[in-house]
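Beneath this line is the structure, given in structure tokens, with notes to follow.
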Amino acid sequence: MRSIQTKFIALILGCVLLSSVIIGGAGILSAQKVVDKDSAQLMNLMCSEKARALNGIFSRIEQSVNTLAVYADQELPDVEQFKTSPDVVREYTQRLQSVAVNAANNTEGALAVYARYNPDFTEPTSGLFWSRTALEGRFQKLTPTDFSRYASDDMEHVGWYYIPIDSGKATWMKPYMNKNINVEMISYVIPIYADNTAIGVIGMDIDFSVIKEIVENIKIYDTGYAFLTDEDANIMYHEEVDSGSSMGSLEKSLRPIVDELQNGSSGNYLFSYKWHDVKKEMALCTLRNDMKLVITAPSSEIDQAKNTLILQSCIAMLLISFLSVFLTIHMTRRLIRPLKELNDAARKIADGDLTVSLSNQTKDEVGMLADSFQQTVNHLRKYIDYINGLAYRDALTGVKNKTAYQEAADRLETMTRTGKPEFALLVFDINNLKTVNDSHGHDFGDILIINACKIICKVFKRSPVYRIGGDEFVVILENSELENYEQLLERFQAALDEFNGFAGKDGKVSIARGIAIYEENVDLTVNEVFKRADDAMYQNKIAMKRKEDTEKEESGRVV
């Protein structure tokens, strides 16, 4: 017959072993979930960051072509005269020429700029076409493509004209190889209409190597890299695969991802597949020109931190179990209270509570066990806090970042579907940041960004401030700050003027701003409110530029 002490020891020993399993299992499961989530966040954050850099280039190209298109539309003579008088067409072309060449010279990667007119009522080579064979070369005037040599359905030679005309909207053409100068290009074309008549198109050809260079420099983990596809999952650029290849034909495991791409998916999760018998994960982002930026890395590299953490947890679990067995046999009564404390802490951790604190009253092996367990919890908590800090805080300014803004926008998006929210988005953009970076260096540019952020935060104390780009900030106005937004904007201008009054010439800050208030019957999504605020900001930026130019001209006349 076993003694009560033996039974008690067996009971305590069983409880200790069970607690160790719960603690270790909970730690392993929690670590696996946390690291998997953080890995997805890391890859998607990098994908979003690099997509913003590419979209910045596409946006500047679009802005140049849009500016030229607006000028072309403003200068357009009477449509009937344009249709019937070659002299009117030539005069119109002459007015566009200098503006077009100037726009191309100031557009990153531009190799050609052109304005082509409807061949139904103009000469087949009418319009202008200026080109250069290299980015460092000079633009030269060339004879435009002769429309009479090609049928309207010849997409290879004149698709750049008929596709935008038929669609009636600005169009990004897919990359193609210009065999005349042996350069791969990508084009942005805008159709021009007047009185429901297609007048022609305005467009630019961009050296695709500018885009590829950014993609080539994207690296993640040890061997991760990036590539580009179109909306149909055809390779546009890949360091190993020929352009134009269908992803679905490369590996069987890629076919489900091809379906996702063709359905427009680019979620916040990772896609799993195999490439040359290596298991990999990829993150996707959609670019402004409908191409997809794909960042991929081997699963073994992504899971390295998780596997290490799981191994450490297993070792810690075994160590805890061994110490528990040894101490339970030799110090039954003394172990009851500390083991109960460990068991309670294990349950809290299993429920997701990492704020546990062990008293560690004894100075023996049980105390060492408790101390080791507490350090494990502390390390895990610090790691989670560190990852969360990276995910939601801007490293330079300390304000919230793009990811935090997206979560706030999602919250507002939910409110628009379930209630009637009242909010406004205020968009700020620092003027001339690129000029400052080029003239004084990026350190000086960082100071300019920090000073701008301080001015914004000083005025909008009760509203969240987000840095969503290199020189762009967003403030979400609600409650009292929404009601008093006009006074706040006046205070912002006063604060900006006060700062510039004490700053030196090189330290002055110029900030364009735009605001849009959510209107239930106008805005279907939060993004539409953002776009209106962004458009208002760009109008303010243009107005500030005009004012600055006028002041410079007046200053020149006075001198």
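Taken together, the values in this text are just the output of simple stated rules run on the coordinates, not laboratory data. These numbers were taken from a predicted model, which means no experiment stands behind them. Positions of Cβ are backbone-derived with ideal geometry, glycine not excepted, and every protein chain shown enters the neighbour counts.
Data table
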| read-out | value |
| --- | --- |
| Förster radius 51 Å - calculated FRET efficiency between Glu519 and His276 (Cβ-Cβ, nearest 0.05) | 0.45 |
| R0 of 60 Å, Cβ-Cβ distance Lys454-Asp87: FRET efficiency to nearest 0.05 | 0.55 |
| Computed lengthening from Val70 to Arg546, 0.36 nm per intervening residue step minus Cα-Cα distance | 169.7 nm |
| Straight-distance crosslink candidates among lysines, where the alpha carbon sits under 22 Å from Lys545 and sequence neighbours closer than 8 are dropped | Lys434, Lys505, Lys508, Lys531 |
| Computed over region 96-180: relative contact order in percent, which uses C-alpha pairs under 8 Å that are six or more apart | 18 |
| Linear extension gain, Ser59 paired with Lys505, 0.36 nm per residue minus alpha-carbon span | 157.6 nm |
| Percent of C-alpha pairs per 5 Å bin, region 446-552, short to long | 2, 10, 18, 25, 22, 12, 6, 3, 1, 0 |
| Theoretical FRET efficiency, 1/(1+(r/R0)^6), r = Cβ-Cβ of Gln539 and Asp371, R0 56 Å, to 0.05 | 0.35 |
| From phi via Karplus (6.51, -1.76, 1.60), per-residue ³J(HN,Hα) for region 189-198 in Hz, x at Gly/Pro | 10, 10, x, 10, 10, 8, 6, 6, 10, 6 |
| Of Lys212/Lys280; Lys219/Lys292; Lys37/Lys306, those spanning more than 20 Å from alpha-carbon to alpha-carbon | Lys212/Lys280 |
| Listed residue (Val89, Ala112, Thr122) projecting farthest to the positive dipole end of region 78-128, Cβ model | Ala112 |
